[in-house]
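Everything below concerns the one structure shown next.
Taken together, the values in this text are just the output of simple stated rules run on the coordinates, not laboratory data. All figures in this text were calculated on a predicted structure; none of them were measured in a lab. Note that we place each Cβ from the backbone using ideal geometry, even for glycine, and neighbour counts take in every protein chain shown.
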Amino acid sequence: MICAKNIYFSYTGGQPYVLEGLEFYADTGQYVSILGENGSGKSTFAKLALGLLSPSRGMIECDIERRAYVPQMNEFADSRFPITVREMLDSYRRLIKVKDRGRTEAALEAVGMLGSVDKLVGALSGGQRQKAFIARALMGDPGLLVLDEPSAGVDIGSRREIYTYLKRLNDERGMTILSVEHNLEAALRNSTSIYHIENRRGHDCSPTTYEREYLRLNEGGLS
C-alpha cells in the first residue's frame with residue numbers, strides 16, 4: 001500500500017508550498033490515475049510516492065519494495081544520444097543487477113517492440129519510444145509502476161496499445177500503477193480510482209463519480 005499523511009512539499013524548503021496538507025491512500029494492486037490542472041503538483045506527488053523526493057513535512061509510506069518510474073519522454077536523455085534500444089535496456093539491466101540477459105528481449109516482446117531492438121532510440125516514433133521506456137522500467141519486475149503522462153506525444157494506435165498493456169499488468173499481474181494523466185478518457189476507462197489534485201490538496205473518488213462531476217462542470221462532456 002501507499003499512504004501519505006498531511007504532506008507539505010516545497011522545492012525551496014519553505015513557502016509557497018507546491019502541496020499542502022495532502023492525504024492519500026492506495027491499496028496494493030490499484031490502478032490510480034492522478035489528475036489536475038497543469039502545475040497543480042501531479043508530477044511532484046508521483047515522485048514523492050516513488051521516493052525520488054522527500055516531503056518537507058508529513059509522512060509518506062510505501063510497502064512495495066520494487067518500484068519503477070517512466071517519466072515524461074522529454075526527461076529521457078537516452079533519446080538524444082546514438083544508443084540502440086538493446087543498449088539502453090542492457091545498460092539498465094546491468095544497473096539494477098539483473099544477470100539474465102534474456103530479460104531484455106522478454107521485456108521488449110511484451111510491449112511489441114522486439115523487432116526494433118537494434119534501432120536507435122532517437123529514430124523511433126513517439127509511441128515506439130514510450131513502449132521501449134516502459135519495457136526498460138519493467139526489467140526489474142517492479143510491484144509499483146509510476147508513469148508521468150504515458151500517452152503524451154504518442155500516436156492514437158500506440159496510445160491504445162500502451163493503455164491496454166498497462167491495464168493487463170494491473171489485472172493479470174496485480175501490479176500497482178500510479179499514472180499522472182492528461183488523458184481523461186484513458187483515466188476513466190482504466191483506473192480503479194481517480195486522485196484529483198487542486199489548490200495544493202488532493203481527493204480521491206471512483207472513475208464513475210469523477211466522470212459524473214466532470215460532466216456536470218463541463219456541459220460539453222468528454223472531448
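For Cys3, Cys62, what's the fewest-to-most ordering of other Cβ within 10 Å of each Cβ?
Cys3, Cys62
Select one label from [x] 29, 21, 16; [y] 25, 23, 19; [z] 37, 18, 16: the one whose number is semi-axes √(5λ) of the Cα gyration tensor in Å as derived from the coordinates shown.
[x]
What do you get for Rg/Rh over region 105-146 if you use C-alpha atoms and the Kirkwood form of Rh?
Result for region 105-146 is an Rg/Rh of 0.97.
Could you work out the helix-only [θ] at 222 nm for the chain, with each DSSP H run of four or more residues adding -39,500 (n - 2.57) and the total divided by the number of residues, to the nearest 500 deg cm²/dmol?
Helices in the chain give a 222 nm mean residue ellipticity of -10500 deg cm²/dmol.
Sorted from largest down, what three extents in whole angstroms do the Cα atoms of region 25-157 have along their principal axes?
If we take the Cα atoms of region 25-157, the spans are 45, 33, 25 Å.
Among Asp204, Asp63, rank each residue by its count of other Cβ atoms within 10 Å, from fewest to most, as a rough exposure measure.
Asp63, Asp204
So what J values fall out for region 156-165 if you push phi through Karplus, 6.51 cos²θ - 1.76 cosθ + 1.60 with θ = phi - 60°, rounded to Hz, Gly and Pro as x?
4, x, 5, 4, 4, 5, 5, 5, 4, 5
With 10 angstrom as the radius, rank Thr176, Thr84 by how many other C-beta atoms surround their C-beta, starting from the fewest.
Thr84, Thr176
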